[in-house]
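Have a look at the structure below, then the notes.
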Amino acid sequence: MSRQTHNHSKGTIMITNYNVTGMTCGHCVAAVTEEVTAIPGVSEVKVELAGPMQVESTAEVDFAAVVAAVKEAGDYEVALA
């Protein structure tokens, strides 16, 4: 699992990397970004069409919440990188 913690002027930031499969277009990327960004504690989400997704948060984010958000966005699968 790829997870990093950084101390920042705004507090501690956790960065967790995931792989998302099943996305085929920019709309897919936007939908996943929107749903994952809505998870409480998430401050930034970076998603690439090829599958990598980086989530920055102010606290540890429950993996089940990420899975649920990605499923809400569409017929995609997510795994920890």
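The values are calculated or read from the model by the stated rules, or taken from the named source; none is laboratory data. None of these values were measured; they are calculated from a predicted model. Using ideal geometry, Cβ is built from the backbone for each residue, glycine included, and neighbour counts are taken over all protein chains shown. Heads up: the accessible areas ignore ligands, DNA and RNA and are worked out on the full protein's heavy atoms, side chains in. Shrake-Rupley method; radii C 1.70, N 1.55, O 1.52, S 1.80 Å.
Observations on the structure shown:
- Looking across the stretch 13-33, the residues that are in a strand (DSSP E or B) and open to solvent by less than 60 Å² (accessible area, probe 1.4 Å) come down to 13, 14, 15, 16, 17, 18, 20.
- Residue tally, condition part of a strand (DSSP E or B), touching a Lys or Arg at 6+ places or on another chain (Cβ under 9 Å) and surrounded by 19 or more Cβ atoms within 10 Å (Cβ to Cβ), over the stretch 34-72: 2
- Meets criteria (open to solvent by 20 Å² or more (accessible area, probe 1.4 Å), among the β-branched types (Val, Ile, Thr) and assigned to a strand (DSSP E or B)) for residue 78: yes
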